[in-house]
Amino acid sequence: MSFTLPKLPYEKMALEPHISRDTLSFHHEKHHQTYVTKLNELIDGSNLEKLELEDIIKETAGKDDFAGVFNNAAQVWNHTFYWHCMKPSGGGKPTGSIDEAIDQAFGSYDDFKQAFKQAALTQFGSGWAWLVKDNEGLRIMKTANADTPIVHGVTPLLTCDVWEHAYYLDYQNRRPDYVDTFLDHLVNWDFVNQNFSS
């Protein structure tokens, strides 16, 4: 099969003033599209071409000979997930079943927010901060570059992209401001609840 760039779940200006149309256009139409294009080139004519995206990621994880395939496939998946983690007028304290689960795991939403922000800020270089669910409950993890929780036996609930291309046009080198804005104004808790319940 040939993969295509998934549409954004909102208009490109919908997250303004927190994330500009220029950032969203550049991030989605250039970076995300490049991962899709490169993945299609790399799997063309191979057995991987017949697999679903998640299966390609799991099949190539940790295999040096398939690092290029893994990196591009995982970035296609990570970015698609990230777009759905945001919505206009989002952020702030969660509602629904995830609210109680966060309190149980972290003590309070404020404690969760601090821990999530710490993960996002201490991810050296490019990568991702995640809220995930495993057999023990909720926890926060960070991954470098294209790495993704789906190859680590946990269920991703929420992610914040901390590659510079996610925020540099709007926030320059101020990653803390970007992460604060993500948590305060952008998180799509409906999507997180959906992931938590599934």
**OP:** Could you list, in sequence order, all residues of the stretch 55-93 that are touching a residue at least 40 places away in the same chain (Cβ under 8 Å) and assigned to a loop (DSSP other than H, G, I, E, B)?
**Re:** Ala61, Gly62, Cys85, Lys87, Pro88, Ser89, Gly90, Gly91, Gly92
Subject >> Single unsatisfied condition, Ala105 versus (1) free of Cβ contacts under 8 Å to residues at least 40 places away in the same chain; (2) part of a loop (DSSP other than H, G, I, E, B) >> reply: (2)
Subject >> Selection count, the stretch 27-52, where residues are surrounded by 17 or more Cβ atoms within 10 Å (Cβ to Cβ) and either touching a Leu at 6+ places or on another chain (Cβ under 6 Å) or part of a helix (DSSP H, G or I) (or both) >> reply: 10
Original post:
Which of the residues spanning the stretch 39-89 are among the basic types (Lys, Arg) and farther than 21 Å from Lys7 by Cα?
Top reply: Lys50, Lys58, Lys63
**OP:** Answer yes if at least one residue in the stretch 133-150 is outside any helix (DSSP H, G or I), surrounded by fewer than 18 Cβ atoms within 10 Å (Cβ to Cβ), of a type in the set (Lys, Arg) and without any contact (Cβ under 8 Å) to a residue 24 or more places away in the chain, and no otherwise.
**Re:** no
Original post:
Quick one: in the stretch 152-198, which of the residues that are over 16 Å from His79 (Cβ atoms) and β-branched (Val, Ile, Thr) is surrounded by the fewest Cβ atoms within 10 Å (Cβ to Cβ)?
Top reply: Thr155
Original post:
Filter the stretch 8-26 for residues that are in contact with a helix residue (DSSP H, G or I) (Cβ under 7 Å, 6 or more places away or on another chain) and in a helix (DSSP H, G or I); which is surrounded by the most Cβ atoms within 10 Å (Cβ to Cβ)?
Top reply: Thr23
Subject >> Test set (1) of a type outside the set (D, E, K, R); (2) in contact with a helix residue (DSSP H, G or I) (Cβ under 7 Å, 6 or more places away or on another chain); (3) more than 17 Å from His32 (Cβ to Cβ) - Gln172 fails condition number >> reply: (2)
**OP:** Kindly provide the set of residues from the stretch 53-102 that are under 18 Å from Ile19 (Cβ atoms) and among the hydroxyl-bearing types (Ser, Thr, Tyr), ordered by number.
**Re:** Thr80, Tyr82, Ser89
Original post:
How many residues, within the stretch 165-191, are aliphatic (A, V, I, L, M) and over 22 Å from Thr122 (Cβ atoms)?
Top reply: 1
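Bear in mind these aren't lab numbers, they're just calculated from the coordinates by the rules spelled out. Computed from a predicted structure; not experimentally measured. Note that each Cβ is placed from the backbone with ideal geometry, even for glycine, and that neighbours are counted across all protein chains shown.
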